[in-house]
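A short write-up of the structure that comes next.
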């Protein structure tokens with residue numbers, strides 16, 4: 001596996017097939033924690049850590065435990081348990097090291113468990129048949145793309161708070177329209193690779 | 001709250017998609033055709049009703065400290081069963097929905113109802129609640145998929161999910177020269193959703209204003 005292929009893969013999954021704007025995963029935290037740019041970055045970092053760790057653990061579990069034992073159909077149940085425990089770990093770490101961030105992330109921190117991005121990455125690692133290097137690239141590219149879009153979106157939403165929006169579109173509807181515009185802008189990057 | 005009110009809560013008043021913003025990922029992603037929406041809706045209704053019933057059955061013996069992992073394992077098992085059934089009997093639907101079938105596990109609606117309703121109520125009420133919320137979700141994605149499919153392709157069609165060649169109905173609504181293919185792209189999903197949510201919010205605001213005016217008199 002040469003490096004240039006991995007680089008192309010990285011760009012593809014951060015910018016072109018962006019996880020939020022192109023594949024519609026992780027919309028809940030995307031709408032939920034994007035009101036302040038600092039908590040958006042914190043959320044991005046937490047999700048990145050959980051995804052990379054979960055990918056490593058589930059990849060090992062699948063190929064060393066589930067496949068030899070012919071238990072492939074247990075993948076969903078095993079993976080979700082691994083993710084849930086990792087999220088619990090991250091929650092404890094953040095609570096100890098940065099109480100401010102812990103408060104800002106609020107209910108969305110335990111909800112990383114039910115963040116579709118994490119489960120999607122761990123499942124895709126298996127169904128796409130990635131080797132170890134590809135798996136690692138994929139598991140880093142996806143959360144990086146997520147963090148990037150979340151951060152850009154949060155800076156737009158900070159300005160949106162001050163603007164005059166029709167009553168019915170206040171809050172989430174106008175934010176969704178902004179997300180649509182971002183999706184349009186990002187689709188322009190499709191010619192990159 | 002009586003049974004009927006509890007059952008119909010999910011339709012408009014507490015609609016899980018447009019009111020509570022739950023389960024957005026699948027709503028935005030799979031609403032490109034009516035077929036996908038109905039398939040997804042049925043899968044979610046099945047999982048939601050069964051998980052609500054099981055969780056309600058074991059609500060008295062589940063220790064509250066570990067209830068979330070317990071719920072997630074139950075839901076994951078049910079989703080895996082549904083996924084295997086879809087793969088066996090409706091392979092076309094399986095390839096169209098792709099990863100979004102296993103992702104029903106992390107659909108907030110299901111865990112949300114387990115935590116908010118099934119863990120506190122009787123078995124029958126929980127089943128009813130699951131059915132009501134599931135129908136609310138399904139109706140929302142059907143409405144979205146009809147709008148998107150008609151605007152993007154001009155055709156509204158529904159095929160038998162168990163046999164792809166058998167087209168149950170097909171109508172050309174918009175002439176081919178006037179279709180807006182943008183609506184099958186991500187931006188179409190976001191815009192359609194935002195418009196529907198905005199309209200629903202406007203209706204709610206108008207209702208609230210009316211009620212306030214009445215009180216003023």
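Here is the figure for segment B:55-89: residues that are away from chain A (no Cβ under 12 Å), farther than 27 Å from residue B:14 by Cβ and in contact with a helix residue (DSSP H, G or I) (Cβ under 7 Å, 6 or more places away or on another chain) total 1. Looking at this structure, is residue B:191 in contact with a strand residue (DSSP E or B) (Cβ under 9 Å, 6 or more places away or on another chain) and either outside any helix (DSSP H, G or I) or at the interface with chain A (Cβ under 7 Å from one of its Cβ atoms) (or both)? No. Quick check on residue A:156: is it in a helix (DSSP H, G or I), more than 13 Å from chain B (Cβ to nearest Cβ) and closer than 22 Å to residue B:201 by Cβ? Yes, satisfied. Can you tell me which of B:202, B:152 is within 12 Å of chain A (Cβ to nearest Cβ), more than 21 Å from the chain's Cα centre (by Cα) and at pLDDT 85 or above? Within the list B:202, B:152, the selection yields B:202. Considering segment B:162-188, the residues that are part of a helix (DSSP H, G or I) and more than 13 Å from chain A (Cβ to nearest Cβ) include one that is surrounded by the fewest Cβ atoms within 10 Å (Cβ to Cβ), namely B:177. Of all residues in segment A:58-95, exactly one satisfies the criterion of being touching a helix residue (DSSP H, G or I) at 6+ places or on another chain (Cβ under 6 Å), away from every other protein chain (no Cβ under 14 Å) and free of Cβ contacts under 8 Å to residues at least 12 places away in the same chain, namely A:95. Just to be sure, is residue B:112 part of a helix (DSSP H, G or I) and modelled with pLDDT under 90? So residue B:112 fits the description; yes.
Report whether or not residue A:13 is within 13 Å of the chain's Cα centre (by Cα), assigned to a helix (DSSP H, G or I) and farther than 30 Å from residue A:103 by Cβ. When the stated conditions are applied, residue A:13 passes them. Among the residues making up segment A:110-124, those that are within 14 Å of residue B:98 (Cα to Cα) and either more than 9 Å from chain B (Cβ to nearest Cβ) or surrounded by 24 or more Cβ atoms within 10 Å (Cβ to Cβ) (or both) are A:116, A:119, A:121. You will find that of B:32, B:8, B:27, the residue that is within 25 Å of residue A:26 (Cβ to Cβ), surrounded by fewer than 24 Cβ atoms within 10 Å (Cβ to Cβ) and in contact with a helix residue (DSSP H, G or I) (Cβ under 7 Å, 6 or more places away or on another chain) is B:32 and no other. In segment A:44-61, the count of residues that are on the phi > 0 side of the Ramachandran plot and modelled with pLDDT of 85 or more is zero.
In segment B:57-77, the count of residues that are surrounded by fewer than 18 Cβ atoms within 10 Å (Cβ to Cβ) and under 25 Å from residue B:142 (Cα atoms) is zero. Restricting attention to segment B:111-120, does a residue exist that is within 14 Å of chain A (Cβ to nearest Cβ) and crowded, with 22+ Cβ neighbours inside 10 Å? Within segment B:111-120 (the criterion being within 14 Å of chain A (Cβ to nearest Cβ) and crowded, with 22+ Cβ neighbours inside 10 Å), the answer is yes, since at least one residue qualifies.
Considered as a group, the residues in segment A:16-45 that are within 14 Å of chain B (Cβ to nearest Cβ) and assigned to a helix (DSSP H, G or I) include one that is surrounded by the most Cβ atoms within 10 Å (Cβ to Cβ), and that residue is A:30. Of the residues that make up segment A:132-140, is at least one assigned to a loop (DSSP other than H, G, I, E, B) and either farther than 16 Å from residue A:86 by Cα or more than 11 Å from chain B (Cβ to nearest Cβ) (or both)? Among the residues of segment A:132-140, not one is assigned to a loop (DSSP other than H, G, I, E, B) and either farther than 16 Å from residue A:86 by Cα or more than 11 Å from chain B (Cβ to nearest Cβ) (or both), which makes the answer no.
The values are calculated or read from the model by the stated rules, or taken from the named source; none is laboratory data. The model shown is predicted, which means the values in this text are computed figures rather than measured ones. In this analysis, Cβ positions are derived from the backbone assuming ideal geometry, glycine residues included, and neighbour counts consider all displayed protein chains.
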